[in-house]
Ligand code: HEC
């Protein structure tokens, strides 16, 4: 009397488990389709693994960035300072030269953008880089634009 019922339950369970397994497999497959950028992939790019072809200027910029800026800046996300990807679209080049060479002086001069970003980051101080030339800074900015 009980046996057929047990069988029905067993079949139903087997069917459900198979269906769930197929769904999981499908989701995993779709997640791995190239072109869908997940946060994990961006992290790989940030680590330098999957980088695009760099020009000489961008390579020089990458070195300068790693030596001087990477302690506080990443490209794709906020760290101690803002993520610098596409920063050239947010500011004039001259402003960037002044800021990078001496952000404190620019803030002290009352420049509205400088004061705003300084306050946004709880008035933490960025180092000054008077030793960097405009050409050095151009190289760094070519690098921070490289992944756009
Ligand atoms: C000691 C940490 C530190 C280092 C090193 C550093 N920065 Fe910064 N940077 C900051 C912080 C913090 C801010 C946010 C503004 C503030 O608090 O002064 C900032 C802001 C900026 C901004 C404005 C970004 C925006 O979105 O408004 C630029 C551009 C920038 N930094 C470029 C650089 C470059 C280029 C270097 C390397 C040559 C560098 N920084 C090195 C900490 C740092």
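The values are calculated or read from the model by the stated rules, or taken from the named source; none is laboratory data. Small disclaimer: the values here were computed from a predicted structure and weren't measured. Cβ sites come from the backbone with ideal geometry, for glycine too, and all protein chains shown count toward neighbours.
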- Restricting attention to the range 80-90, and to residues there that are loosely packed, with under 15 Cβ neighbours inside 10 Å and modelled with pLDDT of 95 or more, which single residue is nearest to residue 124 (Cα to Cα)? 80
- One residue from 79, 146, 70 being near the ligand (Cβ under 9 Å from one of its atoms), closer than 18 Å to residue 54 by Cβ and assigned to a loop (DSSP other than H, G, I, E, B): 70
- Considering only the range 91-103, state which residues are assigned to a helix (DSSP H, G or I) and more than 8 Å from the ligand (Cβ to nearest atom). 93, 94, 95, 97, 98, 101
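Yes or no, residue by residue, for (1) in contact with a strand residue (DSSP E or B) (Cβ under 7 Å, 6 or more places away or on another chain); (2) more than 10 Å from the ligand (Cβ to nearest atom); (3) farther than 27 Å from residue 54 by Cβ; (4) without any contact (Cβ under 8 Å) to a residue 40 or more places away in the chain:
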position	(1), (2), (3), (4)
75	no, yes, no, no
87	no, no, no, no
105	no, yes, yes, yes
112	no, yes, yes, yes
117	no, no, yes, yes
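Are any residues in the range 120-135 part of a helix (DSSP H, G or I) and within 8 Å of the ligand (Cβ to nearest atom), and if so, which ones?
First, pick out the residues of the range 120-135 that are part of a helix (DSSP H, G or I): 120, 134-135.
Within the range 120-135, just 120 meets the criteria.
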